[in-house]
Structure formats: C-alpha cells, structure tokens
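I have placed the structure first, in the form of structure tokens, so that the comments after it can refer back to it.
Taken together, the values in this text are just the output of simple stated rules run on the coordinates, not laboratory data. What you see is a predicted model; the values in this text were computed from it and never measured. Virtual Cβ from ideal backbone geometry, glycine too; neighbours counted across all protein chains shown.
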Amino acid sequence: MLRPQKPYSPIIPAQPNLTSGNIWITLNLVTQNSGKYDLEERTTVFSEKIISLSKKSSKNITTNPIIDQLVRCGTRIGANYFEANGACSKKDFRNKKFLCKKESKETQYWLRILGGADENIKTECRELWLEAGELVRIFGKIAANTIVN
C-alpha cells in the first residue's frame with residue numbers, strides 16, 4: 001500500500017521483509033498542492049536512475065547488451081505512461097498501462113541479470129529492482145481497474 005510522505009522523499013527500508021509480502025519500497029511522490037501521487041515524476045526519476053546506473057556499470061562484452069536492454073525497457077516505462085495520459089480512448093489508456101506493467105517486469109529481469117554480472121552495482125540494482133516491482137503492481141492495478149466500454 002502506498003503511503004503519502006513528504007514531496008519527493010525516497011523511502012528505502014534498510015532490510016526489506018521479503019517473506020511477509022509487505023515490501024513497499026517507493027519514491028512516494030506526492031505533489032504538495034493536490035495530494036495525488038505524481039507517477040509522471042516517479043517514472044521520470046526512475047528512468048534517470050536507470051541511465052545513471054548504466055553509466056556506473058563496467059562495460060565489457062557481457063554487460064553491454066544487458067545495459068542496452070535495461071536502458072531501453074527502463075526508460076520506456078515513463079514514455080508509455082506519458083503516452084497513456086494522452087490516450088484517445090479508455091481502451092487505448094488501458095493498453096498503455098499494460099505496456100507500462102510489461103516494461104516494468106522486463107526491467108526487473110534485466111536489473112537482476114546486471115546485478116549478477118557486475119558486483120560493483122549489485123546493491124543499486126536491487127533497489128531499482130524493488131522500485132520496478134512497485135511499478136508493476138501500480139500499473140497492474142490501474143489497468144485492472146480501468147473499465148472499458
């Protein structure tokens with residue numbers, strides 16, 4: 001469950017409880033005036049962190065294709081979200097949200113692979129992997145709750 005915090009404050013537990021199912025690592029972005037979650041900002045920050053991670057990663061024959069795929073799918077989450085907000089129909093909106101969920105899941109995969117290939121950034125990959133999992137759940141819920149007539 002997302003809990004509103006101060007605007008743009010990262011909430012990252014030191015030791016997430018992986019057995020209880022109550023993992024909630026989020027950036028919990030809340031705009032000051034509206035009190036609503038700002039997913040446009042959240043997905044943009046996530047994309048920026050993916051790009052930053054890719055710059056830190058060691059470059060070699062193994063990691064280059066992984067980094068390429070990670071940057072592609074990690075930044076498409078935000079792009080698809082922005083596109084969904086300009087959708088011309090509810091069906092188009094719902095499909096774009098499913099694309100956001102799909103890209104979030106793919107990002108989780110590539111973060112796991114990159115974390116295993118480059119020990120220097122394993123912790124950062126884990127944090128982004130958890131955030132991508134939050135995005136999977138958020139976009140899945142939005143898409144599931146969108147009624148298409």
If each residue's Cβ is checked for other Cβ atoms within 10 Å, how do Ile61, Ile138, Ile113 rank with the fewest at the top?
-> Ile61, Ile113, Ile138
Fewest-first ranking of Ile50, Ile147, Ile77, using other Cβ atoms within 10 Å as the exposure measure | Ile147, Ile50, Ile77
Non-local residues with an amide H under 5 Å from the amide H of Asp38, with H modelled 1.01 Å from N and Pro and chain starts lacking one, are Leu29, Val30, Thr31
Semi-axis lengths, Å, region 50-145, gyration tensor of Cα atoms, sqrt of 5 times eigenvalues | 28, 13, 9
Give the order of Thr63, Thr107, Thr146, Thr123 when sorted by the count of other beta carbons within 10 angstrom, beginning with the fewest.
-> Thr123, Thr146, Thr63, Thr107
Given the Cα atoms of region 51-104, and with Rh set as the inverse mean 1/r over their pairs in the Kirkwood sense, what is Rg to Rh to two decimals?
-> 1.16
How high is the FRET efficiency from Lys141 to Lys56, r the C-beta distance, R0 22 Å, rounded to 0.05?
-> 0.10
